[in-house]
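Below is one structure, written out as structure tokens; the observations come after it.
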């Protein structure tokens, strides 16, 4: 009796640091289970072997920053039955999206001796700005357990069980004392998507928003709370302009404080 044909999995990289791909490689025992359930057909970070598409599932890391990549992502979409964007770069433009608030030519002139040879777009944009995306997995980097859950859900024809609540809920579940209430430490936890296990608050640090905005975040109310703790407009501007600076909720809030700062 012939064996069941395994679904083909492809992993693609655009402008990024490779951290989210490494999260997949860091799955260790879970990766063996994934490799047993799918055919890893295209994953340059792990193997030179490439199996021709089309692919059942594509994981896309990184943002679109060049004209070439803007064309290449359409090819990836065409050869992919199901496309998942992984990480802050792919879902929100990443840390490199800070260029979106300035003239990118100012950066290239400071960094490169011959900036005229640099071909880049004015903005760093998420994958969804260019092609249809079937699922977004947030984080900088992503949570490896959430990635395995998404792949498992796809293989079993069910909806991924990924929480939509904020980091604050994780703090409550772990018994972590609220750093804002106890110490007056500014924290993005109330508006940030869960996934990190409330790592920073567990070390008495405020959340940095690595997982991007949660569903329906009240960023304006949080900003008012920060002001009561003594934060200034530049502090608020910097807080919302980090890994997920171009995510809509964080972008709007940072632009409000940029206007007030001027």
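The values are calculated or read from the model by the stated rules, or taken from the named source; none is laboratory data. Note that this is a predicted model, so its numbers are computed, not measured. With ideal geometry, Cβ positions are generated from the backbone for all residues, glycine too; neighbour counts draw on all protein chains shown.
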Which listed residue, of 243, 211, is crowded, with 22+ Cβ neighbours inside 10 Å and modelled with pLDDT under 95: 243
Given the structure, is residue 25 under 15 Å from residue 148 (Cβ atoms), touching a helix residue (DSSP H, G or I) at 6+ places or on another chain (Cβ under 8 Å) and without any contact (Cβ under 8 Å) to a residue 60 or more places away in the chain? yes
Go through (1) touching a residue at least 60 places away in the same chain (Cβ under 8 Å); (2) at negative phi one by one and return the number of the condition residue 149 breaks. (1)
Residues being in contact with a helix residue (DSSP H, G or I) (Cβ under 8 Å, 6 or more places away or on another chain) and either outside any loop (DSSP other than H, G, I, E, B) or in the same structural domain as residue 143 (by TED's automatic domain parsing) (or both) - total across the range 199-220: 5
Of all the residues that make up the range 55-82, how many are part of a strand (DSSP E or B) and crowded, with 24+ Cβ neighbours inside 10 Å? 7
Answer yes or no: is there a residue in the range 248-259 that is closer than 22 Å to residue 169 by Cβ, touching a residue at least 40 places away in the same chain (Cβ under 8 Å), surrounded by fewer than 23 Cβ atoms within 10 Å (Cβ to Cβ) and not assigned by TED's automatic domain parsing to the domain that holds residue 122. yes
Scan 89, 17 and give me the residue that is closer than 20 Å to residue 212 by Cα and in a loop (DSSP other than H, G, I, E, B). 17
Of all residues in the range 164-193 being assigned to a loop (DSSP other than H, G, I, E, B) and farther than 19 Å from residue 229 by Cα, which is modelled with the lowest pLDDT? 164
Name the residues in the range 237-256 that are more than 17 Å from the chain's Cα centre (by Cα) and under 15 Å from residue 98 (Cα atoms), would you? 237, 238, 252, 253, 254, 255
With the structure loaded, tell me whether residue 225 is at positive phi and either outside the structural domain of residue 188 (by TED's automatic domain parsing) or in contact with a helix residue (DSSP H, G or I) (Cβ under 9 Å, 6 or more places away or on another chain) (or both) or whether it fails that test. no
Hey, residue 196 hits all of (1) touching a helix residue (DSSP H, G or I) at 6+ places or on another chain (Cβ under 6 Å); (2) in a loop (DSSP other than H, G, I, E, B); (3) under 23 Å from residue 88 (Cα atoms) but one; which does it fall short on? (1)
Determine whether residue 161 is farther than 30 Å from residue 52 by Cβ, over 14 Å from the mean Cα position of the chain (by Cα) and modelled with pLDDT of 95 or more. no
Residue by residue through the range 92-105, note down the ones that are within 11 Å of the chain's Cα centre (by Cα) and part of a helix (DSSP H, G or I). 92, 95
